[in-house]
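**Student:** Have a look at this one before I ask anything.
Since every read-out is calculated from the coordinates, none of them should be taken as a lab result. Because the structure is a prediction, the values reported are computed rather than measured. Quick reminder, even Gly has a Cβ in these numbers, built from the backbone with ideal geometry, and neighbours come from all protein chains shown.
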Amino acid sequence: MVHMDVENFDVKALLSDQTMSLQEKMTLFDRVIDEARAKKIYLFFRTTTGPSEAHINAVTLEGGRPMNMIMMASNNYLGLTTHPELKERAKAAIDKWGIGMAGPCTLNGNTTLHQEFESKLAVFKHCEASMLFPSGYSANIGCITAILGKGDVFIGDELNHASLIDGARFSGAKRLVFKHSDTVDLERCLIEAKSLPGQKLVAVDGVYSMDGEIAPLRPIVDLCKRYGVMLMVDDAHGTGAVGKTGRGSLEYCGVEGEVDIVMGTFSKAFGSFGGFVAGSKPFINWLRHFARAGMFTAAVAPMNVAACLAGLEVMQSHPELVEKLRENAAFLRNGLIEMGYEVGRDETAIIPVFVRDRIKAYAIVKEAYERGLFLSLIEYPAVAPGSERLRVTAMATHTREDLVTALSMLKELGHKYGVLVNPGKAL
Ligand SMILES: Cc1ncc(COP(=O)(O)O)c(C=O)c1O
């Protein structure tokens, strides 16, 4: 039976309960949220009152006057959400194109602006062509379901993003899952898949969104080539943020031009929203005509395309942004390791800070928020129960003072809640 009190509330048990009706489940869940709000531990859907930047104004947990806070929970890695050039180009696009295309690219929504951006994205990703989608989520769904159907085989890392998992589910293909970044286990799946009929696809995250780890793409590419299986990399968190010049996880791993399909999003380093898939010309033409999540939905608004096109130009002409992001992430990460936090292993802007205790994780995020530090709490279903963590993200626009303030607060909170378990040692 599902625990009623908010501290012990078991969402997994609620979802799998066979004895309650949906109405009963909704009523119970609603009560738990009300109780969490009353105890000021409802940490989702916190409300901000201004732009998403390194400093934000956010409404207090009591619903009181907005407070100025340091934001360390945003994927706005390069600070482009409010970049003057992107804003100007978006405004100019409204003047030129209006606020939307009122239809899909397939029919009436395709503009010269969309085409220009798709061509430039393809070059950026060392591919022949690319296609825009309304979001990264729909890009993954559209792409996978255009490739696989019933009788086909999807092979994915166990920590893949939900949108890859959902794409595989929606396709109806048989799903084989390999242990996280374990290429021996991937090969086991490839061998199993060899004996099965149908089209095969391997899909991995380039940068794992909850762990900040970069996939071992070199051996993954080699294995996929050896077994003749298509490879798709979701580079949502790599694009603009990883690799010497910010071209992503493929640049970092030295495999540009060797991956069949590269997916990305504009909701992270680009600071906006929308998604894309890049690949060979025949593949992108296939997607244009068979990716239902791209065909049966309206074209991305020109103002958004214009802003992202400007974002791409800014990324390429200002390599110091990605350099600064790396520097800030390293400063944060090293500081956390020195004070004894257990953190993730790779040097990306996503720093998982393991608490491994739901109640303590809530307490830390709540107290940090009340003191002006905005952190994300990550728990089931985003990660496995028992691996609760804070997801601390660096931005190129954080000042050294921001980082020092955040670290000193986290040090205090780590001591207070007894989570500094691993002094001086990274995972
Ligand atoms: C790895 C990964 N893929 C895809 C997505 C979906 O991207 P979007 O926000 O553009 O829908 C996300 C966003 O959370 C992500 O982290």
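**Student:** Please report the relative contact order for the chain, taking Cα pairs under 8 Å with a sequence separation of at least 6, and give it as a percent rounded to a whole number. Don't skip to the end; give the middle numbers.
**Tutor:** Working: 879 pairs, mean separation 86.0, N = 427.
The value is 20 percent.
**Student:** Right, next: From the C-alpha gyration tensor of the range 83-317, pull out the three semi-axes of the equivalent ellipsoid (sqrt of 5λ each), sorted largest to smallest, in whole Å. Before the final figure, lay out the partial values.
**Tutor:** Values: eigenvalues 183, 77, 36 Å².
Taking √(5λ) for each eigenvalue gives 30, 20, 13 Å, largest first.
**Student:** Could you grab the relative contact order for the range 168-242? Cα pairs under 8 Å, six or more apart, rounded to a whole percent. Can you show the working numbers first?
**Tutor:** Values: 67 pairs, mean separation 22.0, N = 75.
Taking the mean separation of contacting Cα pairs over the length of the range 168-242, I get 29 percent.
**Student:** Multiply the residue gap between Arg31 and Leu107 by 0.36 nm, knock off their C-alpha separation, and tell me the result in nm, one decimal place. Working shown, then result.
**Tutor:** Working: separation 76, 0.36 × 76 = 27.36 nm, distance 4.60 nm.
Additional length available on full extension: 22.8 nm.
**Student:** Moving to a separate point now. Could you work out how far apart the two model spin labels at Glu323 and Ala162 are, taking each label as a point 7 Å from the Cα in the direction of the beta carbon, and quote it in nm?
**Tutor:** 3.8 nm
**Student:** Run lengths n ≥ 4 of DSSP H only: what is the helix-derived mean residue ellipticity at 222 nm for the chain, with -39500 (n - 2.57) per run over all residues, to the nearest 500?
**Tutor:** -13000 deg cm²/dmol
**Student:** Once you list every other residue whose beta carbon is under 13 Å from the beta carbon of Ile191, what net charge do they have if Lys and Arg are +1 and Asp and Glu are -1? Don't skip to the end; give the middle numbers.
**Tutor:** Working: positive: Arg188, Lys194, Lys200, Arg226; negative: Asp185, Glu187, Glu192.
Value of the local net charge: +1.
**Student:** Right, something else. So in the range 83-317, what percent of DSSP beta bridges are antiparallel if you round to the nearest 5? The partial results should precede the final answer.
**Tutor:** Values: 10 of 27 bridges.
In the range 83-317, approximately 35 percent of DSSP beta bridges are antiparallel ones.
**Student:** Residues of the range 118-135 with the amide nitrogen closer than 19 Å to a label point 7 Å from the Cα of Lys281, along Cα-to-Cβ, please.
**Tutor:** Zone members listed by number: 118-132.
**Student:** Suppose a student asked you for the relative contact order of the range 239-286, using Cα pairs under 8 Å spaced at least 6 residues apart; what percent would you report?
**Tutor:** Working: 56 pairs, mean separation 12.1, N = 48.
Reported as a whole number, the value is 25 percent.
**Student:** Using DSSP to call loops (not H, G, I, E or B), can you name the trypsin sites (Lys or Arg not before Pro) in the range 161-250 whose Cβ has at most 16 other Cβ atoms within 10 angstrom? Don't skip to the end; give the middle numbers.
**Tutor:** Values: sites: Arg169, Lys174, Arg175, Lys179, Arg188, Lys194, Lys200, Lys225, Arg226, Lys244, Arg247; in loops: Lys179, Lys244, Arg247.
Qualifying residues, ordered by number: Lys179, Lys244.
**Student:** With the dipole of the range 75-146 worked out from charges on the C-beta (+1 for Lys and Arg, -1 for Asp and Glu) around the Cα centre, which of Pro84, Gly136, Cys105 lies farthest toward the positive end?
**Tutor:** Of the options given, the answer is Pro84.
**Student:** Okay, moving on. Run down the aspartates and glutamates and flag those whose C-alpha is under 15 Å from the C-alpha of Lys200, throwing out any fewer than 8 positions away in its chain.
**Tutor:** Asp152, Asp157, Glu187, Glu192, Asp260
**Student:** A follow-up question, please. Give, rounded to the nearest 20 debye, the magnitude of the charge dipole that the chain has about its Cα centre when Lys and Arg contribute +1 at Cβ and Asp and Glu contribute -1 at Cβ. Walk me through the numbers on the way to the answer.
**Tutor:** Values: 46 positive and 50 negative charges, 77 e Å.
Dipole magnitude for the chain comes out near 360 debye.
**Student:** Which of Lys150/Lys360; Lys194/Lys281; Lys268/Lys411; Lys12/Lys39 have a Cα-Cα distance over 32 Å? Show your work: numbers first, answer last.
**Tutor:** Working: Lys150/Lys360 44 Å; Lys194/Lys281 27 Å; Lys268/Lys411 28 Å; Lys12/Lys39 22 Å.
Check vs 32 Å cut-off fails for Lys150/Lys360.
**Student:** Next up: Rank these for me by crowding, Ser387, Ser130, Ser16, going from fewest to most other beta carbons within 10 Å.
**Tutor:** Numbers: Ser387 16, Ser130 23, Ser16 9.
Lowest to highest Cβ neighbour count: Ser16, Ser387, Ser130.
**Student:** Net charge near Ser16: determine it from the other residues with C-beta under 11 Å of the C-beta of Ser16, scoring Lys and Arg +1 and Asp and Glu -1.
**Tutor:** Values: positive: Lys12, Lys25; negative: Asp10, Asp17.
Net local charge, Ser16 excluded: 0.
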